[in-house]
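**Student:** Sharing a structure, written as structure tokens. Questions coming.
Only the coordinates and a few stated rules stand behind these numbers; no lab work does. From a predicted model like this one, the values you see are computed outputs, not experimental measurements. No Cβ is skipped: glycine too gets one built from the backbone with ideal geometry, and neighbour counts run over all protein chains shown.
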Amino acid sequence: MDFVFVGGNLALDFAGTLKWRRTHPEELLRTPGDLARWSVEAGVLTREPSLDGEDLRTLLGLREAVYRLVAAALDGRPWPGEDLGVLNRAASAAPPRLTLGPGGLARDGGAAEIGAEVARSAATLLAGMSPAAASATVSVRVRECARPECTRLFVDRSRGGTRHWCGMEECGNRVKAANYRYRKKG
Ligand SMILES: [Zn+2]
């Protein structure tokens, strides 16, 4: 299973490990080992931690809280209090331990450190897209992929705010090809 990192934000990429949420959800983090591998591929840790089923459940709970908080902000709804609690608890833990050595920078930790890193990333992002900030100047533009069934979220950093797809390969090209075929037929 390949993980993708197209969200421009760690927490959004984490939320994206459950794909096609509205139509046919596909879980990429099925085992504690999947989560350990994600944490390294995402650059949170440099060595795969040993995680158990409880760690997986806790971090998937955080992932879903993050998704609901971002969805609420996108819809202009207030943040669900329970999800805020989950996020803030995770964010209060210490982030990964950094050790600089001849081989480079090591980032060590386990479930709590992964959760802290994801939660801090989510909290920083959400602060910029809070319902209060939305009316004034929205500093962060978060979007959902324009392919109808794709539920990946990303930070649109394009100058004119014109990014539509989570990634051209998986969604953009496919939708464009479908439109092209449609036009040719029509
Ligand atoms: Zn997409």
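**Student:** Among 91-97, 158-164, how do they line up by average Cβ neighbours within 10 Å per residue, starting with the highest?
**Tutor:** Highest-to-lowest ranking by the protection proxy: 91-97, 158-164.
**Student:** Next up: For the chain, what is the mean residue ellipticity at 222 nm derived from helices alone (per DSSP H run of n ≥ 4: -39500 (n - 2.57); sum divided by total residues; nearest 500 deg cm²/dmol)?
**Tutor:** -14500 deg cm²/dmol
**Student:** What distance in nm separates the simple spin-label points at Glu170 and Glu48, each placed 7 Å from Cα in the Cβ direction?
**Tutor:** 2.0
**Student:** What spacing in nm lies between the two simple spin-label points modelled at Arg77 and Leu105, each 7 Å away from Cα in the Cβ direction?
**Tutor:** If labels sit at Arg77 and Leu105, their model points lie 3.7 nm apart.
**Student:** Okay, moving on. Bin width 10 Å, alpha-carbon pairs only: give the P(r) of the stretch 1-43 as whole percents, running from 0 to the bin holding the largest distance.
**Tutor:** Final binned percentages: 29, 59, 13.
**Student:** Could you pull out every Cys in the chain that lacks a partner Cys with its beta carbon under 4.7 Å away?
**Tutor:** Cys171 - these cysteines have no disulfide-compatible partner (Cβ-Cβ under 4.7 Å) in the chain.
**Student:** Rounded to whole Å and ordered largest first, report the semi-axes of the equivalent ellipsoid of the chain derived from its Cα gyration tensor (root of 5λ).
**Tutor:** The three semi-axes for the chain are 29, 21, 16 Å.
**Student:** Using θ = phi - 60° and the Karplus form 6.51 cos²θ - 1.76 cosθ + 1.60, what ³J(HN,Hα) does each residue of the stretch 115-126 get, whole Hz, x for Gly and Pro?
**Tutor:** x, 4, 5, 5, 5, 5, 5, 5, 5, 5, 5, 5
**Student:** Which Cα, out of Leu56, Ala119, Ala71, lies furthest along the positive dipole direction of the stretch 23-178 (beta carbon charges, K/R +1, D/E -1)?
**Tutor:** Ala71
**Student:** Tell me, in nm to one decimal, what length is gained between Asn88 and Ser158 on full extension, where the rule is 0.36 nm per residue of separation less the Cα-Cα distance?
**Tutor:** Gain on stretching Asn88 to Ser158: 22.2 nm.
**Student:** Between Arg57 and Arg22, with labels modelled 7 Å along Cα→Cβ, what's the label distance in nm to one decimal, could you check?
**Tutor:** Label at Arg57, label at Arg22, 3.1 nm between them.
**Student:** About the Cα centre of the chain, how large is the charge dipole given +1 on each Lys and Arg Cβ and -1 on each Asp and Glu Cβ? Please answer in debye to the nearest 20.
**Tutor:** 1160
**Student:** Can I ask one more? Could you calculate the contour length gain from Asn179 to Arg97, that is, 0.36 nm times the residue separation minus the distance between their Cα atoms, to one decimal place in nm?
**Tutor:** Result: 24.7 nm gained on full extension.
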